[in-house]
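Worksheet: the structure to be examined is printed underneath.
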Amino acid sequence: MDTNKLLGHLAIAGAYTIFGLNIVFCKDIANADAIEPVTLFTLRAIGASALFWILSFFMPKEKIEKGDMLKIAAASFVGLFVPQMTFLFAITMSTSIDTAILSTFGPIFTMLFAFAFLGEPITGKKAGGVAMSFAGVIFLIFNSVHSGGADFTTPMGYVLLLLNSLSFSLYLGIFRPLISKYSVVTFMKWMFLYSLLLSLPFSLKGFLSTDYAAIPGNVKWEIGYLIFFATFVAYFLIPFGQKYLRPTVVSMYTYLQPIIAAIVSIWIGMDTLTWQKILATVFVVGGVVLVNRSRAASPSDTPK
C-alpha cells in the first residue's frame, strides 16, 4: 500500500472513530433537552465555517474555477445539508434500532452510485465485502441494547432515513473528481458556508431564542466536541481521504461507528462485551479489507 492510500485510510478511520464517539455524546445532548436539533445543526455550521475560513487565511490562495462554485453548492446541499437535516428530523420519528438499520444501507447505495457515475466496477470482492460488513453490523445491532428514540417509526421517519443514506451516498459517488481539484480547506470552507446559509431559514428563530446559559456544563463540553471534532476535524479528514480512496471504500468506514459506540459504551459501563460483538467486529473489518482489495476503475471504464 502506498503512503497516500495509507494516509487516506487513517484519515477516514479517524473521522468515523470521531463519529462513533459522537453517537454517545449526542445521546447525552438529546437527553438534556436543552437545545433544539436544528439549532445544534446551525451551531455546527457556524463553528466549522469560521474555523475553515480562519485556517484558509494562513494558506496559499486558491481560486475556484468558473462553474465549480455552483458544483460546490450542490455538493454542500447533497453532502451536508440534506443528510444532517433529514437525520435531525428523522430521529424524532424513528426508533433507535430502525435508525441504525437504515443507516447501514449507505455503502450499498454508494457502490451503486460509484458504478453509475464514476464507472467503478462492482466486483465479486466488492459486493462480498459490502455484504459481509452489512451482516456484521446488522448482527451487532440486534445483539446490542438500544434505548431512546421514538416508540415506533412513522412512514415519514422511514422516508427521511432513506433520504439521509441516499443523499450522502450520492455525494460520495459523484463529487470525488471535484473534491480532488481543490485543497481540503478551500473545499470545506465553501461547503459549510453554503450549508449554513441553507439552514438559517429553518433555525434562525430557535438559534436566537435558545437560553445558552441554562445549558448544563457537561452538555456544553459535548456540544464543543460536536462542533470542533465531529464537524471541523472529521470533515477535514473525510475529503482528505476521498482524494486517495474510492467512494465505496470511504463509505465502508461508516460501519465503524456502531463498533466504536459499543466499545465506548462497554468502557463506561453502559454495555458489556460479548462474543456476538467480537464476531460482528470481525465481519465488519473483514468486509472493509475485501472492498479495499477489489479492482478499481481503469481509465477506459470511467464515463467521459
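Restriction of the chymotrypsin sites (Phe, Trp or Tyr not before Pro) in the stretch 14-65 to DSSP coil positions whose beta-carbon has at most 11 other beta-carbons within 10 angstrom yields PHE57, PHE58.
Rounded, prolate or oblate: pick one for the chain, where a ≥ b ≥ c are the square roots of the eigenvalues of its C-alpha gyration tensor, a/c under 1.5 means rounded, and failing that, prolate if a/b is larger than b/c, else oblate. Note, shape of the chain comes out oblate. Largest GNM mean-square fluctuation among GLU62, GLU120, GLU222, using the chain with Cα springs under 10 Å: GLU62.
Between beta-carbons, use under 10 Å as the cut-off and find the net charge around ALA34, counting Lys and Arg +1, Asp and Glu -1. Before the final figure, lay out each step's value.
Working: positive: LYS220; negative: ASP33, GLU36, ASP211.
Taking every other residue near ALA34 into account, the sum is -2.
Oblate is the label for the stretch 1-158. Its Cα gyration tensor axes, ordered a ≥ b ≥ c, give a/c of at least 1.5 and b/c at or above a/b.
Taking the stretch 182-215 and a reference point 7 angstrom along Cα→Cβ of MET69, the backbone N atoms nearer than 18 Å belong to 182-183, 186-198. Residue by residue, the stretch 6-21 carries 3J(HN,Hα) couplings of 4, 5, x, 4, 5, 5, 5, 4, x, 4, 6, 5, 4, 5, x, 5 Hz when phi is fed to the Karplus relation 6.51 cos²θ - 1.76 cosθ + 1.60 (θ = phi - 60°); x denotes Gly or Pro. Among LEU51, LEU160, LEU80, which one shows the biggest mean-square fluctuation in a GNM of the chain, springs joining Cα atoms closer than 10 Å? Most flexible of the set in this elastic network: LEU51. Which residue fluctuates the most in the chain, going by a Gaussian network model with Cα springs under 10 Å, if the choices are MET85, MET111, MET156? For the chain, modelled as a Gaussian network with Cα springs under 10 Å, the answer is MET156. Taking trypsin sites (Lys or Arg not before Pro) across the stretch 60-101, the ones in a DSSP loop with at most 14 further Cβ atoms lying within 10 angstrom of their Cβ are LYS61, LYS63, LYS66. Using a cutoff of 8 angstrom between alpha carbon atoms and counting only pairs six or more residues apart, the relative contact order for the chain works out to 41 percent.
Any read-out appearing in this document is the output of simple, stated calculations on the displayed coordinates, not a laboratory observation. Quantities reported herein were computed from a predicted structural model and do not represent experimental measurements. In this analysis, Cβ positions are derived from the backbone assuming ideal geometry, glycine residues included, and neighbour counts consider all displayed protein chains.
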